[in-house]
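A.B. asks: Have a look at the structure that comes next, please.
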Amino acid sequence: MKRLYWTNPDVYEIEVEVKSVGDCKVTADPAVFHPDEGGQPADTGTIGRADVTNAEIVDGRIIHTLSEPLGDGQYVATVDKQHRLNTARQHTAQHIISGIAESQFDLKTTGVHIGLETSTIDFDKKADWQSLQAIERQAMTAVVENIAVETTFDASGVRSRFDLSQIDSDMIRVVKIGKYDASACCGAHVLRTGEIGIIRIIDLESKRDGTRLHVAAGLKALEFSQTETTTLRELRKISKCSSLELPAILRRALEQSKGLAKEVDRLQGSMLPNFVETAQMAEVGPSRVGIQVDAVGAKYAGKLAALIAEKIGGTGIVVTDCNVAISSKSLDASELLEKLQKAFGGKGGGSPKSANGRLDKAVTTEQIVKIFTDGRGTIPFGVANSRE
Ligand SMILES: [Zn+2]
């Protein structure tokens, strides 16, 4: 099989001999579509009138998946150039980063995934953010130097980062990028490092036995940086401070909000008796029902419903953020919840004594009363009934 994507990576259109090997599956000779090997996505494009949606190596052959069947014969194959170049930029950036990481930081690459937006590189050891920033700076130096990416077929003395055993080839392809990297590789590369444009290490994930880097290259790196810059600019406007001050301000705001949430929680807990007194009452058949809507947080809903039920010897219904808690000493709590769900949508369940659920929309006390009483009004309960 002639691997044109190796020997002539700048050929994007050529006549190929197509042989059908299954439903919408064909081989094409010469091989101009890069298959999904070496941790990178396959080329896309067209053969004749059919779109090529995938190219993969199956039993040593490159099998193309088409959008529609093609008969055997000669067709013009066209590779999507932007898709290929995007992959090649990301992959060549990975070579440079892996090479620098290994030679200067003793970080060996154990896995690579080249994505269409960003890529990941796995190292065999823990790495800190400062080291990665140093690697990123050196990688950009390699881009600025615009070094030729050389491809040879002499594998003596170079390492491979991938399992090359599945490739049906009697030659090992070696990719060399100046002093930065030399390794056996089957992927797509740019011809000179300057074509990568930008290399950005955008995140670091600590793994149990190593580090995973998230990398973007070329226009994808620019798009990523633009999004981050826009977000930072927005945050600066909201916080009225510089980018450098943002982490401290955000930390302080989060601490304050945690403190406030605790205080609200404490106050709500201490005010439960008041909420029992101010519950709106309705008569449902022979039983009394006390209702509170959006008075307490979800944490206290069940407790408040039980306190109301206890106080009136009837049923307590507490709604907070569409969550419903019903506690009852008279009517069937699960039946009441079902009635509410029938009217407002939602889910949940329980027993005759206690039921919990969620409604699909926000409700008012009046709406709940209407469901249970066919529109008869509410009856104020207790002494402290000035609320509402
Ligand atoms: Zn490569």
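A.B. asks: List the residue pairs whose Cβ atoms are under 6 Å apart, where the first residue sits in region 66-94 and is under 20 Å from residue 15 (Cβ atoms), the second is away from the ligand (no atom under 12 Å from the Cβ) and of a type in the set (Lys, Arg), and the two are 6 or more positions apart or on different chains.
C.D. replies: From region 66-94, the pairs are 72/19.
A.B. asks: Among the numbered criteria (1) within 16 Å of the ligand (Cβ to nearest atom); (2) farther than 21 Å from residue 151 by Cβ, which one does residue 87 miss?
C.D. replies: If we test residue 87 against (1) within 16 Å of the ligand (Cβ to nearest atom); (2) farther than 21 Å from residue 151 by Cβ, just (2) comes out false.
A.B. asks: So, one more: Out of all the residues in region 43-60, which are farther than 26 Å from residue 92 by Cβ, among the acidic types (Asp, Glu) and either within 16 Å of the ligand (Cβ to nearest atom) or at pLDDT below 90 (or both)?
C.D. replies: Selection gives 59 alone.
A.B. asks: Taking region 232-284, which residues are under 29 Å from the mean Cα position of the chain (by Cα) and among the β-branched types (Val, Ile, Thr)?
C.D. replies: Listed by number, the residues that qualify are 238, 249.
A.B. asks: While we're looking at this one, here's another question. When the residues of region 138-167 are narrowed to those that are away from the ligand (no atom under 15 Å from the Cβ) and in a loop (DSSP other than H, G, I, E, B), which ends up modelled with the lowest pLDDT?
C.D. replies: Result: 166.
A.B. asks: Kindly indicate whether any position in region 227-235 is in the same structural domain as residue 140 (by TED's automatic domain parsing), of a type in the set (Val, Ile, Thr) and open to solvent by less than 50 Å² (accessible area, probe 1.4 Å).
C.D. replies: There is no residue in region 227-235 that is in the same structural domain as residue 140 (by TED's automatic domain parsing), of a type in the set (Val, Ile, Thr) and open to solvent by less than 50 Å² (accessible area, probe 1.4 Å).
A.B. asks: Can you say whether residue 217 is farther than 30 Å from residue 336 by Cα and open to solvent by less than 50 Å² (accessible area, probe 1.4 Å), as far as the supplied structure shows?
C.D. replies: On the way: farther than 30 Å from residue 336 by Cα: yes; open to solvent by less than 50 Å² (accessible area, probe 1.4 Å): yes.
Considered against the rule, which asks whether it is farther than 30 Å from residue 336 by Cα and open to solvent by less than 50 Å² (accessible area, probe 1.4 Å), residue 217 comes out as yes.
A.B. asks: Out of region 271-313, which residues are within 20 Å of residue 370 (Cα to Cα), in a loop (DSSP other than H, G, I, E, B) and open to solvent by less than 40 Å² (accessible area, probe 1.4 Å)?
C.D. replies: 278, 279, 295
A.B. asks: Of 278, 320, which residue is without any contact (Cβ under 8 Å) to a residue 60 or more places away in the chain, over 28 Å from residue 198 (Cβ atoms), polar (S, T, N, Q) and touching an Asp or Glu at 6+ places or on another chain (Cβ under 8 Å)?
C.D. replies: 320
A.B. asks: Turning to a different aspect of this structure: Evaluate region 34-42: report whether one residue or more is of a type outside the set (Gly, Ala, Ser), away from the ligand (no atom under 16 Å from the Cβ), in a loop (DSSP other than H, G, I, E, B) and surrounded by fewer than 20 Cβ atoms within 10 Å (Cβ to Cβ).
C.D. replies: No: zero hits.
A.B. asks: Among the candidates 257, 287, single out the residue that is small (Gly, Ala, Ser) and at pLDDT 95 or above.
C.D. replies: After ruling out the rest, the residue left standing is 257.
A.B. asks: Filter region 191-233 for residues that are within 15 Å of the ligand (Cβ to nearest atom) and of a type outside the set (D, E, K, R) and give the result.
C.D. replies: Those that are within 15 Å of the ligand (Cβ to nearest atom) and of a type outside the set (D, E, K, R): 191, 193, 196, 199, 215, 217.
A.B. asks: A further question on this structure: Among the residues of region 97-107, are any assigned to a strand (DSSP E or B) and either under 23 Å from residue 130 (Cα atoms) or open to solvent by 30 Å² or more (accessible area, probe 1.4 Å) (or both)?
C.D. replies: No, because not a single residue in region 97-107 is assigned to a strand (DSSP E or B) and either under 23 Å from residue 130 (Cα atoms) or open to solvent by 30 Å² or more (accessible area, probe 1.4 Å) (or both).
A.B. asks: Just for region 341-388: of the residues that are assigned by TED's automatic domain parsing to the domain that holds residue 328 and acidic (Asp, Glu), which one is modelled with the lowest pLDDT?
C.D. replies: Top of the filtered list is 374.
A.B. asks: If you scan region 168-190, which residues turn out to be open to solvent by 20 Å² or more (accessible area, probe 1.4 Å), touching a strand residue (DSSP E or B) at 6+ places or on another chain (Cβ under 6 Å) and either more than 16 Å from the ligand (Cβ to nearest atom) or touching a residue at least 24 places away in the same chain (Cβ under 8 Å) (or both)?
C.D. replies: Within region 168-190, 176, 182, 189 qualify.
The values are calculated or read from the model by the stated rules, or taken from the named source; none is laboratory data. What you see is a predicted model; the values in this text were computed from it and never measured. Positions of Cβ are backbone-derived with ideal geometry, glycine not excepted, and every protein chain shown enters the neighbour counts. For accessibility, only protein heavy atoms count, side chains too; no ligands or nucleic acids. Shrake-Rupley method; radii C 1.70, N 1.55, O 1.52, S 1.80 Å.
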